Amino acid sequence: MNLDRLLAFFRALQDEAVDYVLVGGFALNMIGLTRATEDADIVIRLTEENVRRLRAAFRRVWDDPAIEEIQYHALAGDFPAITYGPPDEVFTVGIVARFDEAFRFEDLKAELKDWQSVKVCVATPRTLYEMKKATIRPVDRSDAAELAERFGFRED
């Protein structure tokens, strides 16, 4: 994963005032848990203006016409997620509007983390735990157990 490019992307999200929350494996790394990952997953506020700002942030980092395919109507549909693979990169950015009815942008609690003078909006440990504890993927269940142990959450 090209961390310089990823940092540039988060700087662009900050500069373009995109409403987002980082979740997933990279969010775990941002809160101090080591997790190998090849993607950065963000949950965005689903408005046409925010999606426009998101495209502008992507264009600040990558010159790729495929960025224009990131559209509000696609994220507002039945499958509210898009995976963007920047050209010449080995990582992807997962863009999510909601996880079924369980989690939308408005449901996520987040905190700003400083990454080399860039403010990254990261889901809180409790939010990550709640998102991961009920999934069927073994890696998410393992993440939930590690979050519970590290932060003292009681596993149900």
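Read the figures in this text as sums done on the coordinates, not as results from a lab. Predicted, not measured: the structure shown is a model, and the values here were computed from it. Heads up, the Cβs are rebuilt from the backbone with ideal geometry, glycines too, and the neighbour counts pull from every protein chain shown.
Some observations on this one:
- For region 87-138 and region 1-72, distance of Cα centres in Å: 10 Å
- Here the chain carries DSSP beta bridges of which approximately 75% are antiparallel, counting only pairs with both residues inside.
- Ordering of 3-9, 132-138 by packing is 3-9, 132-138, highest average first (other Cβ atoms within 10 Å, averaged per residue).
- Of all DSSP beta bridges in region 6-95, antiparallel share, percent nearest 5: 65 percent
- Multiplying the residue separation of residue 135 and residue 17 by 0.36 nm and subtracting their alpha-carbon distance yields 39.4 nm.
- Taking only Cα atoms of the chain, radius of gyration then Dmax in Å: 15.1, 46
- Each Lys and Arg contributes +1 and each Asp and Glu -1, all at the Cβ; summed about the Cα centre of the chain, the dipole is approximately 400 debye.
- Cα-Cα P(r), region 1-91, percent of pairs per 5 Å interval: 3, 13, 23, 28, 20, 10, 3, 0
- FRET efficiency for residue 154 and residue 74, using Cβ-Cβ distance with R0 set to 41 Å, rounded to 0.05: 0.60
- Label-point separation in nm, residue 3 to residue 37, each point 7 Å along Cα→Cβ: 1.5 nm
- Of the residues 22, 77, 115, the one whose Cα sits farthest towards the positive end of the charge dipole of the chain is 115 (charges of +1 on Lys and Arg Cβ, -1 on Asp and Glu Cβ, taken about the Cα centre).
- Cut-off 19 Å, label 7 Å out along Cα→Cβ of residue 81, residues of region 122-153 by amide N: 122-124, 127-145
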